[in-house]
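The values are calculated or read from the model by the stated rules, or taken from the named source; none is laboratory data. On a predicted model such as this, the values are computed, not experimentally measured, just so you know. Methodologically, a virtual Cβ is constructed for each residue, glycine included, from the backbone with ideal geometry; neighbour enumeration extends over all protein chains shown. Areas reflect the complete protein model, heavy atoms only, side chains present, ligands, DNA and RNA absent. Shrake-Rupley method; radii C 1.70, N 1.55, O 1.52, S 1.80 Å.
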Amino acid sequence: MDFHLFTLPALIIIIFSTVLILISRIWRWVLIGLAIQYIGVFILTALDWSIEMATGKLVAGWIACTVLGIAMVEALSSSTDSWKEAEHFSPSGSIFRLLTAILVGLVVFSLAPKIVSWIPGISMAQVLGGFILIGMGVIHLGFTIQPLRVVCGLLSVLSGFEILYAAIESSILVAGLLAAITLGLALVGAYLVVSPTMEGPN
Amino acid sequence: MSAPLIWIVIPGLVSIILYFLVKWQRLVTWLGVVVGLGLSLAAWKLPINEQLTIGPWSFKVIDTLMVFGRRFILTNQDRPILVIIYILVVFWWLGSLSAKPGRLFTPLGLGIVSLMVASLAVEPVLFAALFIEVAILLCIPIICPPGKKPGRGILRFLTYQTIGVPFILFAGWGLSILEQNPNSVLLPGQVMILLAIGFCFLLAVFPFHTWIPMLAEEAHPYAVGFIYFIIPGIVSLFGLSLINKNVWLRNSEVVFGILRSTGILMVIIGGVWVIFQSHLGRIMGYAVIIDLGLSILSVGVSQEIYLSNPTSTPYLDIFFDLLISRGIILSTWALALSIIYTKKNSLDFREIHGIIKQLPVTSVCLFLAQFALAGYPLLAGFSARMKLWTQIAQTISSYSFLAILGCVGLLLSGLRMLFVLVSDDELKTWRIEENNTALTFLIISILLLFVLGLFLKL
């Protein structure tokens, strides 16, 4: 299957999902955005990887979203409202985040042509997708101290990196280990979300 | 049987078994100690790639383990490092009997160590970054045990360490390209930049050092001390192995220049900021930044020494002296902090006024550990620092004053802390409130600080 036809939709998916993750104040939308993001990542990695390997990335990403979602439900059902406390930002905050996202997009679009020449065999769509994810992920990390959002930011950064890395390395072991890291990060994120509600050591 | 099976797979499996036994905390700790001692003894006595005969049995420990086409290699040259790593980790686990950093400390600690050793052994080198990342993920339950809310420091630690990994992976790809095309003009520069950024994140180099003091305020001091020791310690060993394996890196003046500048920057920043800290954990954090800076500086100056006289000084001996002394001193320091933390539930200066009258041995231990890391004579850190200062003075004299400055900052901070420990408004009476286990470990630690200081060769 030729995924080159889907590069533009993949880019649109990535831009839409990262913006959704960044500006959304509702955790469900953040996780839905993350799950949609992995569809874009799947298409862009499938340009260089076999469809089986790229599917592995998609599945790992969706499992990560599920794990985080279950953890959030568990944490909120245990009477804590720490999530809401930590994520109080006003509508003007969302506008500020949106403007920042536009700024990141502009930087990525202006730098992408140069980066294409640095990495052999990479396409413009992969560079744009990869760096938008990295940029938005880093911005997201700078804006939050909430464990779920931090892990979502890290997963975005890693996804962006994996798109770039897929162009240069097609080893199954690397793909497997990166998928394991995605799942590991999700598990750690879930642990950090649930940790305050867990039974203490004593 | 292969060496990676003994020093990577077996501790990994044991850590999983220990995880299921966490209900029996003391048993788990002692099992960890026994396994760690066995592994360090094996690393000391068991030659690799040589036929061994024990009674009627004959066997050979080979150096390579193949996993999915990738090689894990541990040779005879790696055995001293394995001895150092496992014996120091045993020291940490023994201390945990008194410090009580949490049930997961020993099982996850053993898992972290096995993953970090795997990162040193794996080829191609890019896979090391992935093992380091998994080890970092395992650190999280140690510093944020169940029931505790994760703070900013924990999240920042996770963030910085995770962001560092992709840079190392990309650099690994660049290194493999360079092996095939050594005449490339542009690629070495790019690889160097990627490595520099990656190691800045992983080794908490300024400005990515902020998680170190923040973590000390949020987590159990003993767990934090362990993370301070194991993660940067083995990442720096990984960095050294990269330099050793790649001739162009080893011969590059730029690389060693960057190392020297980075090291001195960390020493100065740590040394200045530690003076103004009023939290015992944060002081330990800045002391670690200073020590890491000295370690990086020792690698930076090693090229000058090596090039001027390759036969004279053993290459990088100061780096390993610093690593060993850091392991011992930090565990002592973290143990003392844990005892104070258990007693006062805080490490802030406001809460510990006059604590020397309640916890005299702990206070002495704390004071000695800080002075040892500052390089005070007769204590464990002195000989390594003395050698380093001498060599800096001989090679790059302009750096010698700055290198000492950081340690002076740590000494001043130690004096400030001592004033807080002894100043008592309530005129309490003297009594020893440490329990027998704590006293035993504290006294052994103090003796070790002096023994290492007196007997490590100058």
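If the requirement is being of a type in the set (A, V, I, L, M, F, W, C), under 25 Å from residue A:54 (Cβ atoms), in contact with a helix residue (DSSP H, G or I) (Cβ under 6 Å, 6 or more places away or on another chain) and crowded, with 23+ Cβ neighbours inside 10 Å, which of these qualifies: A:164, A:177, A:192? Explain how you work it out, then say what you get.
Working: A:177 fails: crowded, with 23+ Cβ neighbours inside 10 Å; A:192 fails: under 25 Å from residue A:54 (Cβ atoms).
Selected residue: A:164, the only one of A:164, A:177, A:192 that is of a type in the set (A, V, I, L, M, F, W, C), under 25 Å from residue A:54 (Cβ atoms), in contact with a helix residue (DSSP H, G or I) (Cβ under 6 Å, 6 or more places away or on another chain) and crowded, with 23+ Cβ neighbours inside 10 Å.
Which of the residues spanning segment B:169-196 are open to solvent by less than 10 Å² (accessible area, probe 1.4 Å) and without any contact (Cβ under 8 Å) to a residue 60 or more places away in the chain? Residues satisfying the conditions are B:169, B:171, B:172, B:174, B:191. Against the numbered list (1) open to solvent by 10 Å² or more (accessible area, probe 1.4 Å); (2) in contact (Cβ under 8 Å) with a residue 12 or more places away in the chain, residue B:106 comes up short only at (1).
Looking for something at positive phi and either assigned to a loop (DSSP other than H, G, I, E, B) or among the charged types (D, E, K, R) (or both) - is there at least one such residue anywhere in segment B:423-445? Before the answer, list the steps.
Residues of segment B:423-445 at positive phi: B:427.
So of that shortlist, the ones also either assigned to a loop (DSSP other than H, G, I, E, B) or among the charged types (D, E, K, R) (or both) come out as B:427.
Within segment B:423-445, one or more residues are at positive phi and either assigned to a loop (DSSP other than H, G, I, E, B) or among the charged types (D, E, K, R) (or both).
Across segment B:84-95, which residue is farthest from the other protein chains (Cβ to nearest Cβ) among those that are under 22 Å from residue B:435 (Cβ atoms) and open to solvent by 10 Å² or more (accessible area, probe 1.4 Å)? Checking each candidate, the answer is B:91.
Of B:133, B:218, all but one fail to be under 27 Å from residue B:337 (Cβ atoms), of a type outside the set (Gly, Ala, Ser) and either within 12 Å of another protein chain (Cβ to nearest Cβ) or in contact (Cβ under 8 Å) with a residue 24 or more places away in the chain (or both); the exception is B:218.
Suppose the filter is more than 10 Å from chain B (Cβ to nearest Cβ), polar (S, T, N, Q) and open to solvent by 10 Å² or more (accessible area, probe 1.4 Å); does residue A:159 pass it? First the steps, then the outcome.
Details: more than 10 Å from chain B (Cβ to nearest Cβ): yes; polar (S, T, N, Q): yes; open to solvent by 10 Å² or more (accessible area, probe 1.4 Å): no.
Spelling it out, it is not the case that residue A:159 is more than 10 Å from chain B (Cβ to nearest Cβ), polar (S, T, N, Q) and open to solvent by 10 Å² or more (accessible area, probe 1.4 Å).
Candidates in segment A:139-156 are the residues that are of a type outside the set (A, V, I, L, M) and more than 8 Å from every other protein chain (Cβ to nearest Cβ); of these, the one that is nearest to residue A:19 (Cα to Cα) is A:140.
For segment A:104-120, which positions are touching a residue at least 12 places away in the same chain (Cβ under 8 Å) and within 12 Å of chain B (Cβ to nearest Cβ)?
A:115, A:119, A:120
Working only within segment B:159-168, note down all residues that are more than 7 Å from chain A (Cβ to nearest Cβ) and buried (at least 22 other Cβ atoms within 10 Å of the Cβ).
So the first thing to find is which residues in segment B:159-168 are more than 7 Å from chain A (Cβ to nearest Cβ), and the list is B:160-161, B:164-165, B:167-168.
Once the filter is applied, which keeps residues that are more than 7 Å from chain A (Cβ to nearest Cβ) and buried (at least 22 other Cβ atoms within 10 Å of the Cβ), segment B:159-168 yields B:161, B:164, B:165, B:168.
Within segment B:13-25, the set of residues being open to solvent by 90 Å² or more (accessible area, probe 1.4 Å) and modelled with pLDDT of 90 or more comprises B:13, B:16, B:17, B:19, B:20. Restricting attention to segment A:162-202, the residues that are within 24 Å of residue B:172 (Cβ to Cβ), in a loop (DSSP other than H, G, I, E, B) and more than 7 Å from chain B (Cβ to nearest Cβ) add up to 3.
Just to be sure before I move on: is residue B:199 away from every other protein chain (no Cβ under 13 Å), among the aromatic types (Phe, Trp, Tyr) and surrounded by fewer than 19 Cβ atoms within 10 Å (Cβ to Cβ) in the structure I sent? Break it down stepwise before answering.
Details: away from every other protein chain (no Cβ under 13 Å): yes; among the aromatic types (Phe, Trp, Tyr): yes; surrounded by fewer than 19 Cβ atoms within 10 Å (Cβ to Cβ): no.
No: the conditions fail for residue B:199.
Considering only segment A:1-81, give the helices (runs of 4 or more DSSP H) lying wholly within it that have at least 1 residues that are in contact with an Asp or Glu (Cβ under 9 Å, 6 or more places away or on another chain).
Values: elements: A:7-23, A:27-45, A:51-77.
So the answer is A:27-45, A:51-77.
Could you please let me know if residue B:127 is within 11 Å of chain A (Cβ to nearest Cβ), open to solvent by 10 Å² or more (accessible area, probe 1.4 Å) and either over 21 Å from residue B:36 (Cα atoms) or not aliphatic (A, V, I, L, M) (or both)?
Working: within 11 Å of chain A (Cβ to nearest Cβ): yes; open to solvent by 10 Å² or more (accessible area, probe 1.4 Å): no; either over 21 Å from residue B:36 (Cα atoms) or not aliphatic (A, V, I, L, M) (or both): yes.
When the stated conditions are applied, residue B:127 does not pass them.
Tell me, which residue of segment B:343-371 that is among the β-branched types (Val, Ile, Thr) and modelled with pLDDT of 90 or more is nearest to residue B:216 (Cα to Cα)?
Filtering segment B:343-371 for residues that are among the β-branched types (Val, Ile, Thr) and modelled with pLDDT of 90 or more, the one nearest to residue B:216 (Cα to Cα) comes out as B:362.
Residue pairs whose Cβ atoms lie under 6 Å apart, separated by 6 or more positions or on different chains, with the first residue in segment B:64-78 and away from chain A (no Cβ under 14 Å) and assigned to a loop (DSSP other than H, G, I, E, B) and the second small (Gly, Ala, Ser) and surrounded by 15 or more Cβ atoms within 10 Å (Cβ to Cβ), are B:74/B:3; B:74/B:121.
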